[in-house]
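The values are calculated or read from the model by the stated rules, or taken from the named source; none is laboratory data. Everything numeric in this text was worked out from a predicted model, so none of it was measured. Neighbour counts are summed over all protein chains in view; Cβ atoms, including those assigned to glycine, are modelled from backbone coordinates with ideal geometry.
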Amino acid sequence: MEKIRTAVVGTGYLGRYHAQKYAVLPGSQLVAVCDSNTAVARSVARELGTEGITDYRQLAGKVDAVSIVVPTQQHHGVARWFLENGVHVLLEKPIAASVAEARELVESAAEHGRILQIGHLERFNPAILAAESVVDEPRFIESHRLAPFNPRGADVNVVLDLMIHDIDIILDMVRSPVRQLDASGVAVLSSDIDIANVRLQFANGCVANVTASRASARTERKMRLFQHDSYIAIDFHNKQLEICRKGATEQHPGIPDIESERHSFEQGDALLSEIGSFLQAIRRGHPPVVSGEDGLRALETALAISEQLKQGVPAA
């Protein structure tokens, strides 16, 4: 099997992990790592036995695929350069800083026949993968994503930092346009929104109540879905899935018994699965699990929420 020539642009905290995965995947040849900080680029390159560079344009003609793990404001410029130079792109979320930039990237990928995959990592969580076979037209969804403050995500608000994971998953599950949203939030630790809640109403009647916080004392990543005949609880953090269904017998006249099953999964390596899936999509020529269109759709909703939050929060 001919190896895909790969590189990582942006080798900070998360980018370093991307590089480690490319270095061990059998279908990948890690050609180089790139970071504007020379010391960081050299350190990661030395660790993985590859070349360290500071200008991503040096990769022209040398790679087939890249992970781009740079600040959000740089996503558009860097990703577009690679797409226009015939390179497949795995781009960390959010896809871009604006809807216009995101659309340009989606159009560029189509124009140049390249794969554009967006790094919504929770799509590769074993609990959500197991839930896919039982999710069928959810009617009500509730999700909570809580975490202690981490300065690594502070270049964007909590909606684009954390909530966008759940927005992406919910949009993928419901597959219906958002008809109305009502959002509220506050800044607690940073100068931007740190806690937010939004109620999304979809054209098909589904309602989703979504909460995200990066000012919490503990980590919690849970989603609950109610369908016409079942209740599904997904614990992303602990990799657990609970499915409750109506039973054949009744606990009270007209009220069915509830039958439940619980599943626990190994922690696994979602990032390795994500990058492996990206390389497989390139090799087989099929669409990625999380497409550029998916990233655009999630960004459109996240920015609409952010805009409503901005209007409702007084200036400091």
*Scan the range 78-129 for residues that are within 23 Å of residue 304 (Cα to Cα) and not hydrophobic (A, V, I, L, M, F, W, C) and report the count.*
13
*Of the residues 65, 97, which is of a type in the set (Gly, Ala, Ser), more than 21 Å from residue 274 (Cα to Cα) and not assigned by TED's automatic domain parsing to the domain that holds residue 155?*
97
_Please count how many residues of the range 209-253 are in contact with a Phe, Trp or Tyr (Cβ under 7 Å, 6 or more places away or on another chain), at pLDDT below 95 and of a type outside the set (A, V, I, L, M, F, W, C)._
1
*Out of the residues in the range 277-292 that are touching a strand residue (DSSP E or B) at 6+ places or on another chain (Cβ under 9 Å) and assigned to a helix (DSSP H, G or I), which is nearest to residue 99 (Cα to Cα)?*
292
*If you scan the range 272-296, which residues turn out to be basic (Lys, Arg) and crowded, with 22+ Cβ neighbours inside 10 Å?*
none
*Go through 98, 133, 143 for me and flag whichever is polar (S, T, N, Q), more than 30 Å from residue 230 (Cα to Cα) and out of contact with any Gly (no Cβ under 9 Å at 6 or more places or on another chain).*
98
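Output the residues belonging to the range 219-230 that are more than 21 Å from the chain's Cα centre (by Cα) and touching a residue at least 24 places away in the same chain (Cβ under 8 Å).
226, 227, 228, 230
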*Does the range 184-205 include one or more residues that are of a type in the set (Gly, Ala, Ser), modelled with pLDDT under 95 and assigned to a strand (DSSP E or B)?*
yes
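Specify the residue that is surrounded by the most Cβ atoms within 10 Å (Cβ to Cβ); the eligible residues are those in the range 181-208 that are of a type in the set (S, T, N, Q) and either free of Cβ contacts under 8 Å to residues at least 60 places away in the same chain or not assigned by TED's automatic domain parsing to the domain that holds residue 304 (or both).
Residue satisfying both the conditions and the ranking: 197.
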_It is to be established whether one or more residues within the range 41-53 are of a type in the set (Ser, Thr, Tyr) and buried (at least 21 other Cβ atoms within 10 Å of the Cβ)._
no
*Out of the residues in the range 40-71 that are among the polar types (S, T, N, Q) and in a loop (DSSP other than H, G, I, E, B), state the one that is farthest from residue 19 (Cα to Cα).*
54
